[in-house]
Amino acid sequence: MQLTNRAKKLEKKPMTLAERAYLPAIFQGLSITMRHFFMKKATVRYPEEVRPFSPVFRGLHVLKRDEQGRERCTACGLCAVACPAEAITMVAGERKKGEEGLYREEKYAISYEINMLRCIFCGLCEEACPKAAVYLQPDKIAPPRYERDEFVYGKDRLVEPVSPDARSVRGIQLTPEQANALRNKLAQQPA
Amino acid sequence: MIELPALGWQSIVIFVVFALSLLIATYCTYAERVIAAFLQDRVGPDRAGPYGLLQPLADAVKMFTKEEFFPGGANKALFIFGPCLAMITALMSSAVIPFGNNVSFGNNNFFLQGIEVNIGMLWVFGVVSLGVYGVMIGGWASNNKFSLLGAVRAASQNISYELAMGMSLIAVLMMSGTLSLREITLQQSVPGEWVMWNIVKQPLGFIIFCVCAFAETNRTPFDLPECETELVGGYHTEYSSMKLGLYLFAEYINIFVASAVMSVLYFGGFNFPFQYELRDWLVSSQSWELASAQNLITILGTVGLFAKIFGFIFFFMWVRWTLPRFRYDQLMRLGWTILIPLAVVNILITGGLILFGVIK
């Protein structure tokens, strides 16, 4: 039974003299490897040279702050619901008086944990978030760890740092000019 | 001008040749890795030093600091003697290779050669066949039947290919009429007629010699004594640390010597095209002294010889990273039923050509 017409017909002829003499085939092989000698190398010298990420790469999560440095997350739980791997857990709390500079809404996440061993980096949490709080950074891989519990990332490791120099836009580190602009903007805001 | 006794000059040359063999063998390990990488579209070692040039040093440190392991029941003295013998024989064979023509200081006239003997080629063959003992002793002293089998495999391969090698060489000797490597080199240069290299007269002989040289130095496609993947190592299965290093190092020295012998026998040794024209031009139009012009030619010839040697070393490595191994029965069949009859045919053809005066 013939399934496709791609079948190659094999002939078992006795080898010709040129084939039995090995040498022509050897020189053919040598010419092939010599061509590779001059080809562009596929190697990337890693620590000095980093291979660019794909534009659709989804890496380590970050919990964003808004322009005034307040946490965007309101602990609505939509990300946890959207998560197919059930990697996100959170505890919601109520904002106290005097904490208006810390949290954007009256409700905030007291704790927010993502289990990186369960996470499949699908990005559905990012899509589900109504407050644009959770993002998967396009340039940062979740690093390896030695212990299992180290893979549970809490708010200490997820929330974006307050300092403008350490902030990022969609996970990309701010340039010094952007950081300065942000610092000026923050200085003009009433405390 | 200082008067230098001939023996003093010889010891200097021998020292330099030994040092050079060791240095070249050291950097062969580096070249091997770089060439392998380049042929496989990789970059190769580039961490130790600029362009990874200190890589051989790092390898040596690794080799020296690894555990010295002696298998139980092994004959300890012989176990140590095996790699030493491999190394000694590899180094010894470089003594008779003429690395250059003569140089003269004042009244002294010296050859750039360790020992000028009229049995040079016999010396190389004798010493190279002694190298089999290093392999055999290593396999025997390991007290491991697989090592012994590997040693037998290596020894039988070396001996089989040495036969064909010697026979292909006989055709060269029939033309030259001497075993002295220096004489053979000098015969390959005739003033005014620069393509006099033996490769032109002995193409078949060269191919046989070259194939046998690959087998003698245990290089791919004849590296069955050393393959760890299909045949679980060979004579050096039980060796560790620098004793293994010596075996591997001896292989690289053997490659260097084999390349040198091939360059000398078939590629004109230290001769290069238009050397006499260059000397005469220097003497006549630049008004150099004949002796200093000759010295310059000698130096250029030595550089040329090393270029040829490095070319062959590159060829050895190029072939290694191109061809897969032979099966052992194929290897034996190639040696006994193809190369030896071909060598005999080559002798007959050469004899006929000499008889009818086509070649001298």
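Please treat every number below as a calculation from the coordinates, not as lab data. From a predicted model like this one, the values you see are computed outputs, not experimental measurements. Glycine also receives a Cβ, built like all others from the backbone with ideal geometry; neighbour counts cover every protein chain displayed.
Screening residue B:268 on (1) assigned to a helix (DSSP H, G or I); (2) in contact (Cβ under 8 Å) with a residue 24 or more places away in the chain; (3) within 24 Å of the chain's Cα centre (by Cα) shows it passes everything except condition (1).
Here's the yes/no breakdown for (1) among the aromatic types (Phe, Trp, Tyr); (2) outside any helix (DSSP H, G or I); (3) on the phi > 0 side of the Ramachandran plot; (4) within 18 Å of the chain's Cα centre (by Cα):
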{"site": "B:166", "(1), (2), (3), (4)": "no, no, no, yes"}
{"site": "B:171", "(1), (2), (3), (4)": "no, no, no, no"}
{"site": "B:223", "(1), (2), (3), (4)": "no, yes, no, yes"}
{"site": "B:253", "(1), (2), (3), (4)": "no, no, no, yes"}
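Filtered by the rule that a residue be in a strand (DSSP E or B) and closer than 22 Å to residue B:307 by Cα, the stretch B:97-109 gives B:100, B:101, B:102, B:103.
Here residue B:278 passes the criteria (1) more than 14 Å from chain A (Cβ to nearest Cβ); (2) touching a residue at least 40 places away in the same chain (Cβ under 8 Å) except the one numbered (2).
Report whether or not residue A:25 is assigned to a helix (DSSP H, G or I) and over 41 Å from the mean Cα position of the chain (by Cα). It is true that residue A:25 is assigned to a helix (DSSP H, G or I) and over 41 Å from the mean Cα position of the chain (by Cα). Restricting the stretch B:15-48 to residues that are within 16 Å of the chain's Cα centre (by Cα) and farther than 26 Å from residue A:34 by Cβ, the residue that is nearest to the other protein chains (Cβ to nearest Cβ) is B:23. Answer with yes or no whether residue A:40 is among the basic types (Lys, Arg), more than 30 Å from residue B:314 (Cα to Cα) and surrounded by fewer than 15 Cβ atoms within 10 Å (Cβ to Cβ). Judged against the criteria, residue A:40 is not a match.
From the list B:148, B:186, B:130, exactly one residue is over 20 Å from the mean Cα position of the chain (by Cα), of a type outside the set (Lys, Arg) and surrounded by fewer than 20 Cβ atoms within 10 Å (Cβ to Cβ). Which is it? Break it down stepwise before answering.
Numbers: B:186 fails: over 20 Å from the mean Cα position of the chain (by Cα); B:130 fails: over 20 Å from the mean Cα position of the chain (by Cα).
Answer to the selection: B:148.
Filtering the stretch A:101-122 to residues that are farther than 18 Å from residue A:64 by Cβ, without any contact (Cβ under 8 Å) to a residue 60 or more places away in the chain and either part of a loop (DSSP other than H, G, I, E, B) or touching an Asp or Glu at 6+ places or on another chain (Cβ under 6 Å) (or both) leaves A:106, A:116, A:117, A:118, A:120.
Among the residues that make up the stretch B:54-64, is at least one of them assigned to a loop (DSSP other than H, G, I, E, B) and within 14 Å of another protein chain (Cβ to nearest Cβ)? Within the stretch B:54-64, none of the residues are assigned to a loop (DSSP other than H, G, I, E, B) and within 14 Å of another protein chain (Cβ to nearest Cβ). Every condition in (1) among the charged types (D, E, K, R); (2) part of a helix (DSSP H, G or I); (3) farther than 25 Å from residue B:18 by Cβ is met by residue B:183 except one, and the failing one is (3). Whenever a residue of the stretch A:21-36 is more than 8 Å from chain B (Cβ to nearest Cβ), its partners that are among the hydrophobic types (A, V, I, L, M, F, W, C), lying with C-beta atoms within less than 8 angstrom and at least six residues away or across chains, give the pairs A:24/A:18.
Might you check whether a residue that is within 14 Å of chain A (Cβ to nearest Cβ) and either on the phi > 0 side of the Ramachandran plot or aromatic (Phe, Trp, Tyr) (or both) occurs anywhere in the stretch B:65-83? Spell out how you get there, then give the answer.
Step one: of the stretch B:65-83, the residues within 14 Å of chain A (Cβ to nearest Cβ) are none.
No, the stretch B:65-83 contains no residue that is within 14 Å of chain A (Cβ to nearest Cβ) and either on the phi > 0 side of the Ramachandran plot or aromatic (Phe, Trp, Tyr) (or both).
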